[in-house]
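Contents: one structure, followed by commentary.
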Amino acid sequence: MSASPRPGTAHHDVDVVVVGAGFAGLAMLRELRDERGMSVRVLEAGDDVGGVWFWNRYPGARCDVDSTDYSYTFSAELDAEWDWSERYATQPEILRYVHHVADKFDLRRDITTGARVTRADWDDAEGHWDVVCEDGTTARGRYLVMATGCLSAVKRPDIPGIEEFAGQVLHTADWPREPVDLAGKRVGVIGTGSSGIQVIPRIAPEVAELVVFQRTPAFSVPAHHHVLSDAERAALRLTLAQRREQLRSSPTGLSVPVTKRGALDDDEQARRAHYEEQWRTAGFGFLLAYNNLLVSHEANATAADFIRSKIAERVEDPELAAKLSPSSYPYGAKRPCVDTGYYETFNRENVTLVDIADAPITGATATGLTTTAGSHDLDVVVLATGFDAMTGSLLRPTITGRDGVTLREHWSGGPRTYLGLMTAGFPNMFVIAGPGSPSLLGNVMVSIEQHVDWVSALLADSAAAGTPVIEATAEAEAGWVDHVNAAAAPTLYMEAASYYLGAEVEGKPRVFMPYAGGLRRYRRECDAVAADGYTGFERSPAPGDVRVPQPA
Ligand code: N01
């Protein structure tokens with residue numbers, strides 16, 4: 001299908017069309033334009049850059065990876081002029097950083113905002129992608145890079161009668177840009193994952209009543225975020241290079257020391273002391289307190305018991321503490337959370353927990369929400385219900401590859417990729433931080449930069465060889481799918497109804513989507529493929545006399 005723009009909208013004919021102007025899209029744009037001399041157009045649905053940090057502006061939103069490690073590493077000048085103010089940066093500070101990067105590297109001139117991609121079609125005869133946006137913007141590019149994020153397709157629960165509700169309905173991942181005044185209001189929050197756990201303690205002191213609708217309790221440990229002192233910032237600067245090297249070579253992309261100790265190597269007293277120490281400092285790294293928490297039930301139970309004992313200390317009412325304590329899945333099998341005062345929030349007079357596993361929500365009325373056990377009058381409903389993870393943002397647009405096959409058809413049994421980067425039958429389409437990559441299981445920034453560099457080198461190599469049409473072979477894809485499954489099989493990840501497994505959306509194929517082999521191993525696999533002349537990819541000349549983009 002050829003792209004033709006609506007009157008008043010633009011058409012962009014470029015080497016590369018990138019979808020999404022979050023961390024991944026901006027990195028891809030800078031790399032291909034400034035390092036490879038390619039023309040790039042980024043199409044972004046939001047009306048500004050920032051991706052997930054543009055949309056998730058709910059109170060309390062912040063990252064849970066140390067800010068220093070949640071940064072680009074491609075520019076020493078950028079490093080020198082940017083100072084994070086807190087251990088875990090808030091959403092506004094991260095967005096300021098993204099804006100700073102966009103301005104410093106003059107990225108905005110190649111970005112169209114307010115352009116939600118609705119379809120992309122591979123034209124086999126011409127060897128390019130035609131891309132169409134909801135607003136009529138169109139683009140054509142030799143390459144298509146989906147930098148749409150793994151947690152960006154917002155999931156709204158189906159609540160019968162919600163349109164009758166007279167109050168406000170907000171979603172954490174689609175929070176209004178203008179300030180929302182919750183003071184003195186009766187607010188219901190549905191969902192107790194990372195977003196719920198951040199928003200709940202933050203709004204509890206200002207609202208009149210807070211009703212938390214919990215389906216599955218989460219494991220959460222203290223974040224210990226704090227404003228960085230001058231001395232801490234100076235120390236971070238001094239150790240930055242070494243820290244970056246450690247991130248690149250670590251299995252998680254986190255600056256958490258890797259231990260060789262398993263939880264059962266210590267006796268109970270030593271283990272408890274170690275957990276106490278981790279509890280006081282580690283934040284998200286608590287999951288790495290021992291090296292076998294995600295592979296051994298027995299080891300995992302020691303950490304899970306420890307966290308439950310802490311919940312019991314933090315929540316005054318033992319019955320409430322029990323309801324807030326996860327027991328139906330291993331610690332870490334769902335993405336663990338970090339918090340600031342989450343459990344203590346339930347000691348407040350104005351906060352109520354409603355267990356919707358026992359008494360599910362049946363619907364909404366003009367005045368609030370009803371469950372099988374009763375009704376709750378509310379002024380505002382906050383949906384902290386997460387995302388159609390990993391595949392949602394790739395399957396919501398219609399993407400058609402060779403022979404008219406859609407990505408939805410090709411992935412009907414679950415996502416299939418080679419190295420998490422390409423999918424057979426979809427030539428010249430790359431996914432950044434998508435299914436089959438380690439992105440979600442570690443520091444996504446490290447994955448993003450690895451993917452961007454690796455894809456950039458592949459495009460340069462292919463252009464130099466006169467074979468700019470690149471496609472993962474069906475065999476390589478099948479091999480990687482097996483490899484991803486094999487990496488996940490021995491882990492406890494398989495034992496929770498998580499979004500890693502596609503359990504968050506009814507009817508979604510239940511396959512483990514991220515690569516659980518770790519970033520270090522993943523990087524080695526990718527490097528070996530490149531060193532071997534890009535095995536698993538078929539590369540061919542462009543059809544006809546189409547211009548071959550040349551690297552700088
Ligand atoms: O989403 P989630 P999130 N009825 O899917 C519940 C990143 N993140 O937005 O577990 C009732 O984790 C659902 O219940 P259940 C981070 O990677 C990072 O909180 O499905 N309840 C669950 O409690 C994170 O993992 C940061 O039974 C429903 C919650 O809603 C990811 O984003 C901050 C429901 C969804 O939890 C997603 O986090 C925020 C329904 N129909 C997010 N549907 C930081 O960096 C879902 N739920 C700190």
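Some notes on this structure:
- Output for the range 76-89, where each listed residue is buried (at least 17 other Cβ atoms within 10 Å of the Cβ) and more than 18 Å from V199 (Cα to Cα): D79, W82, W84, R87
- Close pairs from the range 46-66: first within 8 Å of the ligand (Cβ to nearest atom), partner part of a helix (DSSP H, G or I) and of a type in the set (K, R), Cβ under 9 Å, at least 6 apart: A61/R202
- Selection within the range 235-291 - over 22 Å from A301 (Cβ atoms), surrounded by fewer than 20 Cβ atoms within 10 Å (Cβ to Cβ) and polar (S, T, N, Q): T239, Q242, Q246, S249, S255, T281
- Among residues of the range 142-160 that are more than 12 Å from G392 (Cβ to Cβ), those with a beta-carbon under 6 Å from a residue that is of a type in the set (S, T, Y) and within 8 Å of the ligand (Cβ to nearest atom) at least six positions away or on a different chain give the pairs P157/T385.
- Some residue of the range 413-428 being within 20 Å of F387 (Cβ to Cβ) and within 16 Å of the ligand (Cβ to nearest atom): no
- Enumerated strands (runs of 3 or more DSSP E) restricted to the range 79-198, each holding at least 1 residues that are away from the ligand (no atom under 16 Å from the Cβ) and under 30 Å from V354 (Cα atoms): 168-171, 186-190
- Here P92 fulfils each of the conditions (1) crowded, with 16+ Cβ neighbours inside 10 Å; (2) under 19 Å from the mean Cα position of the chain (by Cα) apart from (1).
- Restricted to the range 211-323, the set of helices (runs of 4 or more DSSP H) holding at least 3 residues that are of a type in the set (D, E) and more than 28 Å from A61 (Cβ to Cβ) comprises 268-281.
- Any hit, the range 473-480, residues being away from the ligand (no atom under 16 Å from the Cβ), surrounded by fewer than 19 Cβ atoms within 10 Å (Cβ to Cβ), among the acidic types (D, E) and assigned to a helix (DSSP H, G or I): yes
- Residue list for the range 433-453, restricted to those being in a loop (DSSP other than H, G, I, E, B), within 16 Å of the ligand (Cβ to nearest atom) and under 27 Å from V405 (Cα atoms): A433, G434, P435, S437, P438
- Each residue in the range 358-393 was checked for being within 12 Å of the ligand (Cβ to nearest atom), over 15 Å from G191 (Cα atoms) and of a type in the set (S, T, Y), and 1 pass.
- The range 176-200 residues that are closer than 19 Å to I311 by Cα, paired with ones that are of a type in the set (D, E) and within 16 Å of the ligand (Cβ to nearest atom) (beta carbon under 7 Å, 6 or more apart): I197/D339
- When residues in the range 26-67 are screened for being among the aliphatic types (A, V, I, L, M) and either surrounded by fewer than 19 Cβ atoms within 10 Å (Cβ to Cβ) or part of a strand (DSSP E or B) (or both), 3 of them pass.
- Any chance Y343 is within 16 Å of the ligand (Cβ to nearest atom) and in contact with a helix residue (DSSP H, G or I) (Cβ under 8 Å, 6 or more places away or on another chain): yes
- Some residue of the range 491-503 being within 18 Å of M429 (Cβ to Cβ) and touching a residue at least 40 places away in the same chain (Cβ under 8 Å): no
- Unique match (being within 16 Å of the ligand (Cβ to nearest atom), touching a residue at least 24 places away in the same chain (Cβ under 8 Å) and within 30 Å of C526 (Cα to Cα)) among A289, A333: A333
- Counted residues, the range 389-431 - those being closer than 17 Å to R142 by Cα and assigned to a loop (DSSP other than H, G, I, E, B): 8
- Within the range 369-388, the set of residues being assigned to a strand (DSSP E or B) and among the small types (G, A, S) comprises G374, S375.
- For Y493: the one exception among (1) in a loop (DSSP other than H, G, I, E, B); (2) within 16 Å of the ligand (Cβ to nearest atom): (1)
- In the range 68-78, the residues that are over 25 Å from D47 (Cα atoms) and within 16 Å of the ligand (Cβ to nearest atom): T68, D69
- Any hit, the range 454-466, residues being more than 25 Å from the chain's Cα centre (by Cα), in a loop (DSSP other than H, G, I, E, B) and in contact (Cβ under 8 Å) with a residue 40 or more places away in the chain: yes
- Of all the criteria given as (1) within 25 Å of E504 (Cα to Cα); (2) away from the ligand (no atom under 16 Å from the Cβ), the one not satisfied by S220 is (2).
- The number of residues in the range 407-424 being more than 22 Å from A463 (Cβ to Cβ) and either over 20 Å from the mean Cα position of the chain (by Cα) or surrounded by fewer than 22 Cβ atoms within 10 Å (Cβ to Cβ) (or both) comes to 8.
Coordinate-derived values only; no laboratory data. Because the structure is a prediction, the values reported are computed rather than measured. Neighbour counts run over all protein chains shown; Cβ positions are idealised from the backbone, glycine included.
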